[in-house]
1. Mean separation of Cα pairs under 8 Å and 6+ residues apart, divided by the residue count of the chain: what relative contact order is that in percent?
2. Which one, (1) 0.96; (2) 1.09; (3) 1.16, gives Rg/Rh (Cα atoms, Kirkwood Rh) as derived from the coordinates shown?
3. In degrees between 0 and 90, to the nearest 10, how far off the longest principal axis of the chain does helix 13-22 point, with axes built from Cα atoms?
4. Report, in deg cm²/dmol and to the nearest 500, the calculated mean residue ellipticity at 222 nm for the chain, where each DSSP H run with n ≥ 4 adds -39500 (n - 2.57) and the sum is divided by the residue count.
5. Pairing the Cα long axis of helix 68-89 with the longest principal axis of the chain, what angle in degrees results, from 0 to 90 and rounded to the nearest 10?
6. Can you sort 82, 16 from fewest to most other Cβ atoms within 10 Å of each residue's own Cβ?
7. By how many degrees, between 0 and 90 and to the nearest 10, does the Cα long axis of helix 54-64 differ from the longest principal axis of the chain?
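Here, each number is a calculation from the coordinates, and none is a lab measurement. All of these numbers come straight from a predicted model, not from anything done at the bench. Neighbour counts run over all protein chains shown; Cβ positions are idealised from the backbone, glycine included.
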């Protein structure tokens with residue numbers, strides 16, 4: 001598959017920051033209250049340090065009117081781009097395997 005990759009993938013937190021600017025005088029703290037999350041958590045999402053999960057996507061939909069599915073697709077695309085770029089830059093590294101739960105003996 002030939003996928004065009006951005007040089008610098010855009011984290012969906014960037015859109016939250018843009019929407020916050022569009023809201024005028026609303027602060028991050030006020031937005032966090034509207035979303036029902038801690039201001040520090042919102043700051044980490046906006047700065048690309050945390051991902052947008054389904055719960056936050058639903059709250060963002062309620063506040064901004066942008067569908068939750070859009071937020072989740074944006075996050076998924078960002079995650080895929082980061083992983084693909086990493087693999088291009090480090091082709092000989094072994095891919096990370098998901099952890100497996102140990103089976104319990106009965």
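1. 27
2. Derived directly from the coordinates: (2).
3. Long axis of 13-22 versus the principal axis of the chain: about 10 degrees.
4. On the way: 5 runs with 59 residues, N = 106.
Counting only the DSSP helices, I get -17000 deg cm²/dmol.
5. 40
6. Numbers: 82 14, 16 23.
Ranked by crowding around the Cβ, least crowded first: 82, 16.
7. It works out to around 30 degrees.
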